[in-house]
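These notes concern the structure reproduced below.
The values are calculated or read from the model by the stated rules, or taken from the named source; none is laboratory data. Everything quoted here is computed from the prediction, not taken from an experiment. Because the Cβ atoms are built from the backbone with ideal geometry, glycine has one as well, and the counts that use them run over all protein chains shown. In case anyone asks, the SASA skips ligands and DNA or RNA and just uses the protein heavy atoms, side chains included. Shrake-Rupley method; radii C 1.70, N 1.55, O 1.52, S 1.80 Å.
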Amino acid sequence: MIGPKPCSTLIKTTIDITSPYFLTSNYHPGQNFVGENLLHDVNYSDWQNEITNALFAKNNIEFVDGTILMPAEESTDLMNWNRCNAMVHGWLVTLMEKKIKSNVKYALTAHAIW
């Protein structure tokens, strides 16, 4: 048979909503969910407190504190980890002023940015 496989042969996986790998359709990397962008060291404490609270509420704090390490290449969690790391990476970079952003935007992980 030529063409896509019939739906009955596709494997559908679900992610538990309590998993740090769970992302909703409302999330996007450019999302701003804190009061102000990180400007400089003067507002770092307020910014850090707001972003930590937001990431905790979204169940993604482990991507910045280093609790969830990148899985091995053969792991079934690697794609989910990459998706979530990219999302948190995007959030962090979006919430920084241009000068600060230019110093961290090429970091490979959200933890490296943090």
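Kindly check whether there is at least one residue in segment 80-89 that is open to solvent by 70 Å² or more (accessible area, probe 1.4 Å), assigned to a loop (DSSP other than H, G, I, E, B) and either out of contact with any strand residue (DSSP E or B) (no Cβ under 7 Å at 6 or more places or on another chain) or at pLDDT below 95 (or both).
no
Among the residues in segment 52-68, are any of a type outside the set (D, E) and within 15 Å of I100 (Cβ to Cβ)?
no
With the requirement that a residue be touching a helix residue (DSSP H, G or I) at 6+ places or on another chain (Cβ under 6 Å) and among the small types (G, A, S), what does segment 62-109 give you?
Scanning segment 62-109 gives G66, A107.
Looking at segment 26-40, I want the residues that are on the phi < 0 side of the Ramachandran plot and touching a residue at least 24 places away in the same chain (Cβ under 8 Å) and have a partner that is aliphatic (A, V, I, L, M) and assigned to a strand (DSSP E or B) with Cβ atoms under 7 Å, at least 6 apart or on another chain. Which pairs are those?
Pairs that qualify, where the first residue is on the phi < 0 side of the Ramachandran plot and touching a residue at least 24 places away in the same chain (Cβ under 8 Å) and the partner is aliphatic (A, V, I, L, M) and assigned to a strand (DSSP E or B), are N37/M96; L38/M96.
Of the conditions (1) surrounded by 13 or more Cβ atoms within 10 Å (Cβ to Cβ); (2) assigned to a helix (DSSP H, G or I); (3) modelled with pLDDT under 90, S45 fails just one. Which one is it?
The number of the failed condition is (1).
Of all residues in segment 12-42 being farther than 20 Å from N103 by Cβ and of a type in the set (V, I, T), which is surrounded by the most Cβ atoms within 10 Å (Cβ to Cβ)?
Here the residue is I15.
Check E74 against each of (1) assigned to a loop (DSSP other than H, G, I, E, B); (2) open to solvent by less than 80 Å² (accessible area, probe 1.4 Å); (3) modelled with pLDDT of 85 or more; (4) on the phi < 0 side of the Ramachandran plot and name the one condition it does not meet.
It is condition (2) that E74 fails.
Restricting attention to segment 59-69, which residues are surrounded by 15 or more Cβ atoms within 10 Å (Cβ to Cβ) and either in contact with a strand residue (DSSP E or B) (Cβ under 8 Å, 6 or more places away or on another chain) or not in a helix (DSSP H, G or I) (or both)?
N59, N60, I61, I68
For segment 90-103, name all the residues that are in contact with a strand residue (DSSP E or B) (Cβ under 7 Å, 6 or more places away or on another chain) and without any contact (Cβ under 8 Å) to a residue 60 or more places away in the chain.
Selection gives M96 alone.
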